[in-house]
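Trainee: Handing you this structure, nothing more for now.
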Amino acid sequence: MPSLAVWKFASCDGCQLTLLDCEDELLTLAEQVQIATFAEASSAVMGGPYDVSLVEGSVTTPSDVRRIREIREQSGVLVAIGACATAGGIQALRNFADVAEFTSVVYARPDYIHTLATSTPASAHVTVDYELRGCPIDRRQLLDTLAALLVGRKPRLPAATVCTECKRAGVTCVTVAEGIACLGPVTHAGCGALCPRHHRGCYGCFGPTATPNMPALIPLLHRDGMSGPEVDRVFETFNVTQFSAERNAHHD
Amino acid sequence: MTDPRTIRVGALTRVEGEGALHVELRNGVPERVELNIYEPPRFFEAFLRGRAHTEPPDITARICGICPVAYQTSAMNAIEDACGVTVDPQVVALRRLLYCGEWIHSHALHIYMLHAPDFLGEPDVIAVAKHHRAAVERGLALKKAGNRLMELVGGRSIHPINVRLGGFYSVPTKSELKPMAEQLRAALDDALATVAWVAGFEFPDLTVDHELLALTGERYPIEDGRIARSAGNPFPIAEFSDHVRETHVPHSTALHSTLDGERHLTGPLARYSLNYALLSSVAREAATAAGLGEQCRNPFRSIIVRAVEVVYAVDEALRIIDDYERPARPFVDVPARAGVGHGVSEAPRGLLYHRYEIGADGLITAAVIVPPTAQNQAAIEDDLTRVVAAGVDLDDAELTSMCERAIRNHDPCISCATHFLTLTVERR
């Protein structure tokens, strides 16, 4: 039986929880896959190598730099799950600030804290085979990816935009119809257009799509009521590193 | 058994997040008991500064994937307090409904997947399912009902997207809630069966005397409330930081808290013991049938208390759906105003406090977040001391197992306090 390992780095646990949220599939999955290491769910910890590793969280400490490399060596296929593992997550806001100052704000004794100045994705350290985007990841994408790896096909992870998901689902465009600012045109698909379905503009939690047209979108965000600082903040949140790189590339 | 001796065990499992435990015994007496929390810090309180007053519900949700609604709700309570805005009662009811979903899902996760394996001598829920398939399927169905409720009201179960300051982006119609009520009626049967199931487990003896801290109010406390405690005088929410003080100890990246200088406990045991009279009759009857009194001071029996709270949350969700009238407006505007606001709610793991300072420009200038697990750390360490003292005659494997169980009793959310646990027992 193929073996599966689940690993945590700096994160909220939400993406690995997504596996436990597969209530209808979990027991069936466990008949097809040996869940060899999954500290949040099991006290039985098996050594490697593992056929598939799911990696949640970002790398933020010197020991985690070593750990991600060890996990890579032990893993046939390494799948980074969620915005922390694919982009450094919201904690990557430290990359643009003074981490010593951050530490002094939160902790009375900064000298007790050992942390790197940056929060980085798994791909900054090792080769990553697949990335599931999202803060958090989408349950259906996780199941499809595991099923794909089990039967030996490539996972379906289209680098389309949230806009395409709205169109396919027949969701009325919140920007066109109501002038609601929405990041759908530049945001990676995968959530199923959740926010527009709920009368909310997309806020980019799946990060940028492969070729986002930032210069075309930003004037529309201003038109629909977002100030310059508001535009900056919405991009500088859950996928700050990736959106900032896209904006810098275009000097928008 | 030799003395002195040292035992080292790997990472603590079946908790949310990761961390370490350090216990030293000299001549059979526990000498040093530390819950080491060194999961890498994520600095939320630092990067909340300079964000708009509308952002903390989305941002602080990301502190914890298991209880995001707790973070969203305490954040909204605090900011709405700072801005002097009162939210419509029907919107508050929807918040409570969403929060019921989180209690059902989070408690079912802990009961079936994290805690029950301890009582059944199994490593995980998959192994439990080999001998107790029907029970595990019931637990999964119950958990799923909680998740579906969160998806219906919040749009997504992990980091709900439909929540905003002042209310919701969209609100369901009464008819959209109807199928959910059907699922919840089945969940109520599952919840009652869960109480009966866990009541049959064997519980080690342990009685703790921590001061209890929880919210209370007109109803069993979930989405808001006022302070209740077992010994000292209650205090206004705005004085929370005067009473619950955070200190930084070398062995932890979480801040330890004390209540008026003493250790205290928040969470299901505290909530239940301080609010028994507010439980619905079906929840109270289930508690009585399970052998619980009006208070519960044995942390090993917290699994029963959680099961009773699931009954309450399902029953309460059904009541809210039954009384539901679609709000005339999904949210009220919350214009920023300079000032300070305090907000609380009852996360599945206990009282969660937020405080924000907002500047005249509507940007946050300071944020304080006190999660339940940081508050409970001293109480957990005290439980460990008692369990180790009572278990010195156990062999190493058994004693280690008891230590792990003493920690799991409190369902610590290490991601919330941002921590990491490796278990070491040293005997000298």
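Since every read-out is calculated from the coordinates, none of them should be taken as a lab result. Since the model is a prediction, treat every value here as computed from it, not as a measurement. Positions of Cβ are generated from backbone atoms using ideal geometry, with glycine treated the same way; all protein chains shown enter the neighbour counts.
Trainee: In Å, the Kirkwood hydrodynamic radius of chain B over pairs of distinct alpha carbons?
Mentor: One decimal place: 21.8 Å for the Kirkwood radius.
Trainee: Same structure, new question: Taking each residue of A:2-14 in turn, how many C-beta atoms of other protein chains fall within 10 Å of its C-beta, and what is the average? Could you put the intermediate results ahead of the total?
Mentor: Numbers: counts 0, 0, 0, 0, 0, 0, 8, 3, 7, 8, 18, 12, 12.
That average works out to 5.
Trainee: Here is a further query. In the range B:44-375, with Lys and Arg counted as +1 and Asp and Glu as -1 at Cβ, which of these residues, B:Gly339, B:Ala191, B:Cys296, has the Cα nearest the positive end of the dipole, that is, farthest along it?
Mentor: Working it through, the farthest residue towards the positive pole turns out to be B:Ala191.
Trainee: With unit charges on the beta carbon (Lys/Arg positive, Asp/Glu negative), name the residue among B:His256, B:Ala46, B:Ile59 whose Cα is farthest towards the positive pole of the charge dipole of chain B.
Mentor: The residue sitting farthest along the positive end of the dipole is B:Ile59.
Trainee: Now, a different point. From zero up to wherever the largest Cα-Cα distance of the protein assembly as shown sits, split into 10 Å bins and tell me the percent of pairs in each.
Mentor: Binned Cα distances yield the sequence 3, 16, 28, 29, 18, 5, 1, 0.
Trainee: Right, another one. Based on the alpha carbons, how large is the Rg to Rh ratio for the range A:162-250 when Rh follows Kirkwood?
Mentor: Across the range A:162-250, the Cα-based Rg/Rh ratio is 0.93.
Trainee: Could you identify which residue out of A:Leu17, A:Leu27, A:Leu146 has the top mean-square fluctuation in a GNM of chain A using Cα springs shorter than 10 Å?
Mentor: Its mean-square fluctuation being the largest, the pick is A:Leu27.
Trainee: A follow-up question, please. Loop sites only, by DSSP: take the trypsin sites (Lys or Arg not before Pro) in chain A that have at most 11 other C-beta atoms within 10 Å and name the longest stretch containing none of them. Before the final figure, lay out each step's value.
Mentor: Numbers: sites that count: A:Arg153, A:Arg156.
Counting only loop sites that pass the neighbour cut-off, the longest clear stretch is A:1-152.
Trainee: Which whole-angstrom value gives the distance between the alpha carbon centres of the range A:67-124 and the range B:147-182?
Mentor: 32 Å
Trainee: Another question about this same structure. Please give me the summed charge of the neighbours of B:Val332: other residues whose Cβ is under 11 Å from its Cβ, Lys and Arg +1, Asp and Glu -1.
Mentor: Net of charged neighbours comes to -1.
Trainee: Continuing with this model, one more query. Which of A:Tyr107, B:Tyr356 has the fewest other C-beta atoms within 10 Å, and how do the rest follow up to the most?
Mentor: A:Tyr107, B:Tyr356
Trainee: Kyte-Doolittle cut-off 0.5, length cut-off 30 Å along the helix's own axis using Cα: show which whole DSSP H helices in chain B pass.
Mentor: B:302-323
Trainee: Modelling each spin label as a point 7 Å along the Cα-to-Cβ direction, I'd like the A:Ser227/B:Ser281 distance in nm, to one decimal.
Mentor: 5.5 nm
Trainee: In peptide B:162-170, how many Cβ atoms from other protein chains are near each Cβ within 10 Å, on average? Could you put the intermediate results ahead of the total?
Mentor: Values: counts 6, 2, 2, 0, 0, 0, 3, 8, 4.
Mean partner-chain Cβ count within 10 Å for B:162-170: 3.
Trainee: Assuming R0 = 22 Å, what is the FRET efficiency of B:Ser175 and A:Arg168, from their Cβ-Cβ distance, to the nearest 0.05?
Mentor: That pair, B:Ser175 with A:Arg168, gives E of 0.30.
Trainee: Moving on. How big is the charge dipole of the protein assembly as shown about its Cα centre, in debye rounded to the nearest 20, if each Lys and Arg gets +1 on its Cβ and each Asp and Glu gets -1 on its Cβ?
Mentor: Numbers: 63 positive and 84 negative charges, 252 e Å.
In debye, rounded to 20, the protein assembly as shown gives about 1220.
Trainee: Just in the range B:146-245: which GluC sites (Glu not before Pro) are loop by DSSP and have at most 11 other Cβ atoms within 10 Å?
Mentor: Sparse-neighbourhood loop GluC sites (Glu not before Pro): B:Glu202, B:Glu218.
Trainee: Oh, and also: Place a point 7 Å from Cα of B:Asp361 in the direction of its Cβ. Which residues in the range B:319-349 have their backbone N less than 19 Å from it?
Mentor: B:335-340, by backbone N distance to the label point.
Trainee: Among all the lysines, which ones have a C-alpha under 25 Å from B:Lys144's C-alpha, if same-chain residues fewer than 8 places away are not counted?
Mentor: List returned: A:Lys8, B:Lys130, B:Lys174, B:Lys178.
Trainee: For a quick check: sort A:Met1, B:Met150, B:Met402 by the number of other beta carbons within 10 angstrom, fewest at the front. Show your work: numbers first, answer last.
Mentor: Numbers: A:Met1 11, B:Met150 25, B:Met402 19.
Arranged by neighbour count, lowest to highest, A:Met1, B:Met150, B:Met402 become A:Met1, B:Met402, B:Met150.
Trainee: Need one number: nm distance between label points at B:Glu294 and A:Leu143, each 7 Å from Cα along Cα→Cβ, rounded to one decimal.
Mentor: In this crude spin-label approximation the distance works out to 4.7 nm.
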